Amino acid sequence: MRVEFDRDTCIGMFNCVAEWEKFVEDTDAGKATLVGSDEAGDDLYAREVPEGEEFEAKMAARVCPVDAITVYDDDDQIVP
């Protein structure tokens, strides 16, 4: 399972931070940061979801008010 985060879309509500510790606040930029991610495109970041943290990753995606977080299982998008 992997998560992709579109940082450009992020509006800094930080709901994801409360759901999964891999998201942290970057108050200087007013955006969240996906810890341990690699740049996957223009302001798009991706990382594998560690085993046992799948629920938290899905919840972080579900609570994002602007759908900046997408979760994939293999190549299938599962959230949102």
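We did not get these values from a lab; they are worked out from the coordinates using the rules stated. None of the values given here were measured: they were computed from a predicted structure. Cβ sites come from the backbone with ideal geometry, for glycine too, and all protein chains shown count toward neighbours.
Using only DSSP helix segments of four residues or longer, with each worth -39500 (n - 2.57), what per-residue ellipticity at 222 nm results for the chain after dividing by its residue count and rounding to 500?
It lands at -5000 deg cm²/dmol.
Which shape class, rounded, prolate or oblate, goes with the range 11-63 when its Cα gyration tensor gives a ≥ b ≥ c as root eigenvalues, a/c under 1.5 marks rounded, and past that a/b bigger than b/c marks prolate?
oblate
Compare the peptides 10-20, 35-45, 66-76 by average per-residue count of other Cβ atoms within 10 angstrom and give them in order, highest first.
Most protected by this proxy first, the peptides run 10-20, 66-76, 35-45.
Amide H neighbours of ALA32 under 5 Å, at least 5 residues apart or on other chains, H built in the peptide plane: list them.
GLY12, ASP26
Convert each backbone phi in the range 64-72 into a coupling constant with the Karplus relation 6.51 cos²θ - 1.76 cosθ + 1.60 (shift: θ = phi - 60°), then list the ³J(HN,Hα) values in order as whole Hz, x for Gly and Pro.
5, x, 10, 6, 7, 10, 10, 10, 10
Just want the answer: with Cβ charges of +1 for Lys and Arg and -1 for Asp and Glu, which residue in ALA32, VAL49, PHE14 is farthest toward the dipole's positive end in the chain?
PHE14
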